[in-house]
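In what follows, a single structure is set out as structure tokens and then discussed.
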Amino acid sequence: MSDLLRGLNPEQLAAVTLSPQHALILAGAGSGKTRVLTTRIAWLLSTGQARPQEILAVTFTNKAAKEMLTRLSTMVPLHARGLWMGTFHGLCNRLLRTHYRDAGLPQLFQILDSADQLSTIKRLLKSLNVDDEQYPPKDMQHFINKQKDQGRRATAVEAWDKQAKMRVEIYEAYEAQCQKEGVVDFAELLLRAYELLMRNEPLRRHYQERFRHILVDEFQDTNLLQYRWLKCLTGEGSALFCVGDDDQSIYGFRGAEVGNLRDFEREFKVTSVIRLEQNYRSHGNILDAANALIKNNEKRLGKNLWTEAGSGEPIRIYNAWSDGDEARWMVDEVRSLVRQGHERVEMALLYRSNAQSRVLEHALFSAGLPYRVYGGLRFFERAEIKHALAYLRLIANSDDDTALMRVINFPTRGIGTRSIEQLQASAKNGGSSLFAAIPEVGGKAVLFAGLIAKMKEAADLPLPELIDHVVELSGLRSHYQNDKEGQDRLSNLDELVNAAASFIAEEDRVRTTEGHLSGDLADFLTHAALEAGEHQSGDSEDAIQLMTVHAAKGLEFNVVFVTGLEEDLFPHENAAREPKGLEEERRLMYVAITRARHRLYLSFAQTRMLHGQTRYGHSSRFIDEIPEACVRRLT
């Protein structure tokens, strides 16, 4: 037993050995929360306070569940079969598989992933003769999932106008279709499991009596329905042990409700609130900066991170004159760090929005530094960028069959599979390109050919203006305005315009009236293809890590660069308009700062390209909230 508890600090020990009761463990960044959770389970099993089948452990990712199981197996002899450990969706799936009849599901019900769900909605809209421009499938998918995450069936959704009533009718028809086909989407797993327990009292009591110890990781990321599901499983003799950090609640856009922490403390009359404040990751200056920043948020449950590792290096702040200068400075710093013996894989470049990666990627590409975009695609590989480039390729060469196939029906313009097959057959028989065969086939494809011809008429525009024109004329901009991730995608399309402007400026090109189409556009397309095809390193290569701050949560690095720290960029202009949004942005900055172990860089630019134009900005308020004693300003 002493081996099990060896090395725990007093607060960790108190949390691990707490007598069975409802408890809230406020675990700061780098404070060893995973160790506390796994050791708590091992302690309960080793001391005979619980059997494996009496424990329910909930995580937010399969990776976290696997890591906990691996650690647990090294601590105690474990018969994993009886232990319920996994994600909310995984555990709900297990519950529904066990009680499929009571849940009103076939024994072998199938789960729709996001792409399958979208396809189902598209088929449904077509069968109902619903205008998919007025009710875009992705918009409907977002609406349906949001209602389910709030625990609302179609019959419970209030609708006050014609459009809202139509959305509810589509939701109701979608539910009926899924039930008919015997399939469930991800949101349905949780809602169906919750409803099963709520309406079946004997079953609910069975699980309440069985799960005497319920442990939840990342509790600050739970949504309303997930919290209700946990409350439903917690009986009179159960102990709900929740580990979370309200200062790291950054998923409000996914429905996460930071207020669940306070509600849990109040509703369960929690008397044991243990704060894990000793940090094992970062040096003191980094933690002092994080503490000072987050204190500006109101209604925090409150904690103050500290370390025994000493103050360490000051936080370096760089004031760049442009986004290009910021990227070049960052490259120089990376090279210097590599010469000092730092591994590139232990360096992370963080940014608020995906579109910001383009300037950084270009600088790394030009410098010959290998990099990897973590949790996402490189800029020129993103779907919306490839769509826009396909239109541009058709302007440059209408015989480009690959480009045509990508966008002939994107955004949707009623050119179906049969029409495309006829076009392919006609092109093959005539020995021509697909575009050249369009007049032979006719139909709506002729309108597409007319669209490309109209785009070609604008080819004499400066390259940035041409790209902006193509994005608008193609319908890409209006299409992504209705997309769940539309803001990011639109920002990326704007960044493509910036990329063209930067390309022209860097190449120091002089416009001529002749050969403009085959010059700027063709060369830019070559440039895009080369950057898309090179320098994304393999998993085993020593490469710099690029990612959004959201993607960085849960990770840590020796060296961290947080770039683009300007007002309206970080904090983002959409979030900064309301206190709740600004506080989540500040929590996001707190997460960014606490990713760093040893060295932290913060940078901002006085000018930045936006939509092909230069925008003048000033440093983020978050920089001003960091004590000067922690920083060193670079010149």
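The values are calculated or read from the model by the stated rules, or taken from the named source; none is laboratory data. Fair warning: this is a prediction, and the values are worked out from it, not measured in the lab. Positions of Cβ are generated from backbone atoms using ideal geometry, with glycine treated the same way; all protein chains shown enter the neighbour counts. Heads up: the accessible areas ignore ligands, DNA and RNA and are worked out on the full protein's heavy atoms, side chains in. Shrake-Rupley method; radii C 1.70, N 1.55, O 1.52, S 1.80 Å.
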- request: Just report the Cα centroid separation between region 152-210 and region 266-301, whole Å.
  value: 37
- prompt: With the other protein chains left in place, how much accessible area per residue, in square angstrom, belongs to region 92-209 at a 1.4 angstrom probe?
  reply: 55
message: Output wanted: per-residue J couplings in Hz (rounded whole) for region 322-333, from phi through Karplus 6.51 cos²θ - 1.76 cosθ + 1.60, θ = phi - 60°, x for Gly and Pro.
response: 7, 5, x, 5, 4, 5, 5, 4, 4, 4, 4, 5
field: Cα gyration tensor category, rounded, prolate or oblate, for region 3-68 with a/c compared to 1.5
entry: rounded
field: Nearest-ten-degree value, helix 137-149 long axis tilted from longest Cα axis of the chain
entry: 10
message: At 1.4 Å probe size, what's the solvent-accessible area of SER114? Round to the nearest 10 Å².
response: 70
message: Need one number: nm distance between label points at LYS428 and ARG101, each 7 Å from Cα along Cα→Cβ, rounded to one decimal.
response: 5.2
task: Assuming a ≥ b ≥ c are the square roots of the Cα gyration tensor eigenvalues, decide whether region 38-99 counts as rounded (a/c under 1.5), prolate (otherwise, with a/b larger than b/c) or oblate.
output: oblate
- prompt: Once the Cα atoms of helix 445-457 and of the chain are each reduced to a long axis, what angle between those two axes, in degrees from 0 to 90 to the nearest 10, is obtained?
  reply: 70
- prompt: Between LYS444 and residues 5 or more places away or on another chain, which pairs have amide H atoms under 5 Å apart, with H built 1.01 Å from N, and which residues are they?
  reply: none
- request: Taking amide H positions as placed in the peptide plane 1.01 Å from N, state which residues far from ALA57 in sequence (5 or more) or on other chains have amide H under 5 Å from it.
  value: TRP84, MET85, GLY86, LEU215
field: In sequence order, calculated HN-Hα J values of region 279-295 (Karplus, 6.51, -1.76, 1.60; Hz; x Gly/Pro)
entry: 9, 10, 10, 10, 7, x, 4, 5, 5, 4, 5, 5, 4, 5, 5, 6, 5
message: Based on DSSP loop calls and a cut-off of at most 12 other Cβ atoms within 10 Å, the longest stretch of the chain free of exposed chymotrypsin sites (Phe, Trp or Tyr not before Pro) is what?
response: 322-635
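Would you kindly state the longest site-free stretch of the chain, with sites defined as GluC sites (Glu not before Pro) in a DSSP loop (not H, G, I, E, B) surrounded by at most 15 other Cβ atoms within 10 Å? Kindly include the intermediate steps, with their values, before the conclusion.
Numbers: sites that count: GLU133, GLU158, GLU236, GLU298, GLU308, GLU343, GLU485, GLU514, GLU534, GLU541, GLU573, GLU625.
Formally, the longest exposed-site-free interval is 344-484.
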statement: Taking every alpha carbon pair in region 383-430 and sorting the distances into 10 angstrom bins from 0 up to the bin holding the longest one, the percent per bin comes out as 25, 51, 23, 1
- request: Return a whole-number percent for the relative contact order of region 305-390, with Cα pairs under 8 Å and 6 or more residues apart as the contact set.
  value: 24
query: Using the C-alpha gyration tensor of region 261-355, what are the square roots of 5 times its eigenvalues, in whole angstrom, with the largest one first?
result: 36, 18, 13
task: Determine by what factor the alpha-carbon radius of gyration of region 412-494 differs from 2.2 N^0.38 Å, reporting the quotient.
output: 1.31
message: Modelling each spin label as a point 7 Å along the Cα-to-Cβ direction, I'd like the TYR616/LYS66 distance in nm, to one decimal.
response: 5.2
statement: Taking only protein heavy atoms and a 1.4 Å probe, the highest-to-lowest accessible-area order of THR74, THR412, THR59 is THR74, THR412, THR59
message: To test your reading of the geometry: what angle, between 0 and 90 degrees and rounded to tens, separates the Cα axis of helix 186-199 from the longest principal axis of the chain?
response: 30
task: First check a/c for region 560-627, with a ≥ b ≥ c the square roots of the eigenvalues of its C-alpha gyration tensor; if it is under 1.5, answer rounded, and if not, answer prolate when a/b is larger than b/c or oblate otherwise.
output: oblate
- line: Given backbone amide H placed at 1.01 Å from N, residues whose amide H is under 5 Å from that of LEU546, ignoring those fewer than 5 places away on the same chain, are LEU349, ARG372, VAL373, TYR374
- line: Share of accessible surface on carbon and sulfur in the chain, whole %, 1.4 Å probe and ligands ignored, is 48
query: So what's Rg/Rh here for region 15-132, counting alpha carbon atoms and using the Kirkwood radius for Rh?
result: 1.14
- line: Over 25 Å (Cα to Cα) among LYS33/LYS295; LYS126/LYS148; LYS63/LYS269; LYS165/LYS231; LYS138/LYS180; LYS138/LYS428 -> LYS63/LYS269; LYS165/LYS231; LYS138/LYS428
- line: Heavy-atom accessible area per residue of region 7-91, all protein chains kept, 1.4 Å probe, expressed in Å², is 40
Whole-number percent relative contact order across the chain, with pairs defined as alpha carbons under 8 Å at least 6 apart: 18
message: Could you report region 232-364's accessible area per residue, 1.4 Å probe, as an integer in Å²?
response: 40
task: In nm, give the distance between the simple-model label positions of ASP401 and LEU473, each being 7 Å from the Cα along the Cα-to-Cβ direction.
output: 2.6
